[in-house]
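A.B. asks: The structure follows.
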Amino acid sequence: MELLKDKKIIDRLKSANRMTVLTGAGISAESGIPTFRGDDGIWKKLNPEELASFEAFYSNTALVSEWYKHRRQIIEKVQPNSAHVALVELGNVVENFNLITQNVDGLHQRAGSPDVIELHGNITENFCTRCGRTFTPAEFDEILSTSFDHIPKCDCGGLIRPNVVWFGEQLPQESYEKAYTAAVNSDVFLAIGTSAYVRPASDLPRYAKYNGALIIEVNLKDTALTNQVDLVLRGPAGDVLPKFVDEYKFALSQV
């Protein structure tokens, strides 16, 4: 099925110099990583407030640490899918391209996308809450497995936590500022596999829309953003994005 049919949409895409992409859990679900809010989501089985907050981490450090280790091990076993690869190709075509993700799995980087703006951190990174020292996954796992109480502690005595944004925490200021700047200056904004419910990330496509960008949504179903976009592409991102990139490149080749 042809995705790009509307001449006005095609003309907007051909004239675009700045493109921004926001990805959510849906794009990684196709690699086998459970989403948080989908029908098979992680939070359907466990209460997020018991695992994904600093209060939970502080009061039950061993449980939360083991849980994030388990999540990371799931991620380490999967591979980037065709949607991640298509975004690498898209980034090579667009002169000014920005990729923002709500995901913490690092799959965009593993696929080959450079300079990914990670709004919610990266689960493969860990740091001491007291001195700020960073730890590789291997270092974290060793500390966790050798501590008698399964509580990961730095040499300074501080707790070691994953470098992810938990409920109630602010996004990394530098990352959000980069994302905001990319959104408001974009000519085209793609929202891919995101529910558009989690703020402030969900505000980014709306900022782009307010500033005149063409908004395209790629998702399996309607989201909180659907009624505000210019083009809706329904289907798995792994199917839709490679075709979108091919059609986009073809449109650019037409004089």
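The values are calculated or read from the model by the stated rules, or taken from the named source; none is laboratory data. Note that this is a predicted model, so its numbers are computed, not measured. We place every Cβ from the backbone using ideal geometry, glycine too, and count neighbours over all the protein chains shown.
A.B. asks: Test Thr124 against the criterion of being surrounded by 17 or more Cβ atoms within 10 Å (Cβ to Cβ) and without any contact (Cβ under 8 Å) to a residue 40 or more places away in the chain, and give yes or no.
C.D. replies: So Thr124 does not fit the description; no.
A.B. asks: When you check Leu220 against the structure, is it over 16 Å from the mean Cα position of the chain (by Cα), closer than 26 Å to Pro80 by Cα, surrounded by fewer than 19 Cβ atoms within 10 Å (Cβ to Cβ) and in contact (Cβ under 8 Å) with a residue 24 or more places away in the chain, yes or no?
C.D. replies: Against the criterion (over 16 Å from the mean Cα position of the chain (by Cα), closer than 26 Å to Pro80 by Cα, surrounded by fewer than 19 Cβ atoms within 10 Å (Cβ to Cβ) and in contact (Cβ under 8 Å) with a residue 24 or more places away in the chain), Leu220 qualifies.
A.B. asks: Starting from the range 80-96, keep only residues that are in contact (Cβ under 8 Å) with a residue 60 or more places away in the chain, then list their pairs with residues that are assigned to a helix (DSSP H, G or I) and of a type in the set (Val, Ile, Thr) whose Cβ atoms are within a distance under 6 Å, requiring at least 6 positions of separation or different chains.
C.D. replies: Ala83/Ile27; Ala86/Val245; Glu89/Val245; Leu90/Val245
A.B. asks: Looking only at helices (runs of 4 or more DSSP H) that lie completely in the range 47-102, which have at least 3 residues being over 18 Å from Ala29 (Cα atoms) and outside the structural domain of Asp246 (by TED's automatic domain parsing)?
C.D. replies: Filter on the range 47-102 gives 54-59, 61-77.
A.B. asks: Every residue in the range 137-146 that is loosely packed, with under 15 Cβ neighbours inside 10 Å and either touching a residue at least 60 places away in the same chain (Cβ under 8 Å) or in a loop (DSSP other than H, G, I, E, B) (or both), please.
C.D. replies: Listed by number, the list is empty, since nothing qualifies.
A.B. asks: Among the candidates Tyr68, Tyr58, single out the residue that is within 22 Å of Leu144 (Cβ to Cβ), modelled with pLDDT under 95, surrounded by 14 or more Cβ atoms within 10 Å (Cβ to Cβ) and of a type in the set (Phe, Trp, Tyr).
C.D. replies: Going through Tyr68, Tyr58 in turn, just one is within 22 Å of Leu144 (Cβ to Cβ), modelled with pLDDT under 95, surrounded by 14 or more Cβ atoms within 10 Å (Cβ to Cβ) and of a type in the set (Phe, Trp, Tyr): Tyr68.
A.B. asks: Using beta carbons and a limit of 6 Å, which pairs, at least six apart or on different chains, have the first residue in the range 167-191 and hydroxyl-bearing (Ser, Thr, Tyr) and the second one not in a strand (DSSP E or B)?
C.D. replies: Pairs found: Ser175/Leu119; Ser186/Ala208; Ser186/Ala213.
Residue by residue, here is whether (1) on the phi < 0 side of the Ramachandran plot; (2) outside the structural domain of Gln102 (by TED's automatic domain parsing); (3) of a type outside the set (A, V, I, L, M, F, W, C); (4) more than 20 Å from the chain's Cα centre (by Cα) holds:
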| position | (1), (2), (3), (4) |
| --- | --- |
| Ala138 | yes, yes, no, yes |
| Ile143 | yes, yes, no, yes |
| Asp149 | yes, yes, yes, yes |
| Gly157 | no, yes, yes, yes |
| Ile160 | yes, yes, no, yes |
| Tyr176 | yes, no, yes, no |
